[in-house]
1. To make sure I understand the rule: partners must be lysines, Cα under 20 Å from the Cα of K97, and not fewer than 8 residues away in the same chain. Which ones qualify?
2. What is the percent carbon and sulfur in the accessible area of segment 215-289, measuring with a 1.4 Å probe over the protein chains and ignoring ligands?
3. Name the residues of segment 245-289 whose amide N is less than 16 Å from a point 7 angstrom out from the Cα of M1 along the C-beta direction?
4. Let's test the formula: R0 of 22 Å, r as the Cβ-Cβ distance of E279 and E33. What FRET efficiency results, to the nearest 0.05?
5. Using a basic spin-label model with each label point 7 Å from the Cα along Cα→Cβ, how many nm lie between R242 and R43?
6. Just grab the label-to-label distance for I15 and T166, each label 7 Å out from Cα along the Cβ direction, in nm (one decimal).
7. Once fully extended, how much extra length lies between R269 and R149, figured as 0.36 nm per residue of separation less the alpha-carbon to alpha-carbon distance?
8. Among all the lysines, which ones have a C-alpha under 29 Å from K275's C-alpha, if same-chain residues fewer than 8 places away are not counted?
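The values are calculated or read from the model by the stated rules, or taken from the named source; none is laboratory data. In this text, all values refer to a predicted model and were calculated from it rather than measured experimentally. As a convention, Cβ positions derive from the backbone with ideal geometry for all residues, glycine included, and neighbour counts pool all protein chains shown. These accessible areas exclude ligands, DNA and RNA; they are computed on the full protein's heavy atoms, side chains included. Shrake-Rupley method; radii C 1.70, N 1.55, O 1.52, S 1.80 Å.
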Amino acid sequence: MPHSMTGFSTAEETIPPFRAVWEIRSVNHRFLELSFRMPDELRAIEPECRSLIGASVSRGKVDCTLKIAAADDHAEPGALVADTVSALKALEAAVHKAFPDAPRLTVAEILRWPGVVRGPQQDVATLGGPVLLRSLGAALTAFGHARRREGERIAELLEKRAAGITALLDAARPLLDGAQARYRDKLRERLERLDVQAEPERLEQELALIAQRIDVAEEVDRLDGHVAEIRATLARSEPIGRRLDFLIQELNREANTFASKVQDETLTRTAVELKVLIEQMREQVQNLE
């Protein structure tokens, strides 16, 4: 099944006295672009992380974040930084001297002040690379499931629109021969209104040439063929985004040719509806890997 290029997942691992949390999120991109945010002390495992993700993802802008915090049962209270508290107190006194009616700082506001609380010392460099890679693997598995679910949803939308195109083409086929005849009759009526006498043989030659120019049977067959190829591509078990993007371009090209050639009012409406469906498919295909 196709995979979407957009997805999100998390995985958490407790490695006493730490708690490691991986977050993976991705958006559309022409190629594979990986970025990592993690403590500098753990940058040594980044190449292995890149290899692990690159083996599962072929396209998309993927952002990976590793957050390290104290485990709940190893959390230690922070300590006040006396110098910072004293400086803050002096600053508050100066403000109240200038503005006596100003409200006092609350305890919560003081504790949130930058530099007031010093957290416990944590040496994240002691974390084992294999454990973090295992946790990343779990996040990557969940990430793959999320992308597949979204890909299945997109495939259903594409199939629905492909069925709509097929229905339009099936309805248009019986009108093709009649459209040429109606256009021939319309030209004859115009000549009669203009009271123009044309040589019968020359008129038939011109009408035959015009009939060839407005004949869209070949375009209908090609559109049908592209839709069949899109359906076959959706059944593949490999990245299909680029192939579908090319097929949608071909589909759009044939629809443009169809629209430029038809002269019948009903077929003109069909051309408009075709282009609407194709544009909707193009937007969805942009999300596929």
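1. In chain and number order, the partners are K89.
2. Numbers: 1650 of 3700 Å².
Reported share for carbon and sulfur atoms: 44 percent.
3. Inside the label zone: 288-289.
4. 0.25
5. In this crude label model, R242 to R43 measures out at 3.2 nm.
6. My value for the distance between the label points is 5.1 nm.
7. Between R269 and R149, full extension yields an extra 39.7 nm.
8. Partners within reach: K160, K186, K261.
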